[in-house]
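Trainee: Can you read through this structure? Questions will come right after.
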Amino acid sequence: MPHVSKQLWHNLRGLRHDRLARSGRDLHDIIAQLSEKQIGFWCVQQGAVDTTSSMGKLILGILGAVAEFETDIRKERHREGIERAKAAGVYKGRKHTVDVDQVRSLRDKGLGATE
């Protein structure tokens, strides 16, 4: 966000709060950085989310917590589904895209993953 550091904005507008950050902590860190520069955040689709007001900050915090909760629940269900599939012998994991023997020979020659 180069424009933010140059103080060219007074208010950052976003479509939704969950498009701004990937986690609750990330959301709070971004909002804190904006607040330090006296820049507010306002959501277009969620008009009540406006960090220039106390109520907007509260609603953003609640929506961020709910979004993170939904993500955690989705991940738990995904893990449980994989465990059930493995127990049933259906899930075998991703197919190999690299020849394992070739990787071993390159490693034996002293080459790493980035070389």
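Trainee: Pick from the range 69-115 the residues that are of a type in the set (A, V, I, L, M, F, W, C) and part of a loop (DSSP other than H, G, I, E, B): which of them is surrounded by the most Cβ atoms within 10 Å (Cβ to Cβ)?
Mentor: Result: Leu111.
Trainee: Moving on. State which residue is surrounded by the fewest Cβ atoms within 10 Å (Cβ to Cβ) when the search covers only the range 19-55 and only residues that are at pLDDT 80 or above and among the acidic types (Asp, Glu).
Mentor: By that ranking, first place goes to Glu36.
Trainee: Please go through the range 9-18 and pick out each residue that is modelled with pLDDT under 70, farther than 17 Å from Val66 by Cβ and not in a strand (DSSP E or B).
Mentor: The answer is Trp9, Leu15.
Trainee: Which members of the range 64-110 meet the condition of being of a type in the set (Gly, Ala, Ser) and farther than 27 Å from Ile30 by Cα?
Mentor: If the condition is that a residue be of a type in the set (Gly, Ala, Ser) and farther than 27 Å from Ile30 by Cα, then Gly81, Ala85, Ala87, Ala88, Gly89, Gly93, Ser105, Gly110 are the ones that fit.
Trainee: Another question, if that's okay. Go through the range 40-87 and report how many residues are under 15 Å from Ser23 (Cβ atoms) and of a type outside the set (D, E, K, R).
Mentor: So the answer is 10.
Trainee: Also, quick follow-up: Given the conditions (1) outside any helix (DSSP H, G or I); (2) closer than 30 Å to Asn11 by Cα, report the number of the one that Ile59 does not fulfil.
Mentor: Checking Ile59 against (1) outside any helix (DSSP H, G or I); (2) closer than 30 Å to Asn11 by Cα, the one that fails is (1).
The values are calculated or read from the model by the stated rules, or taken from the named source; none is laboratory data. What you see is a predicted model; the values in this text were computed from it and never measured. Note that we place each Cβ from the backbone using ideal geometry, even for glycine, and neighbour counts take in every protein chain shown.
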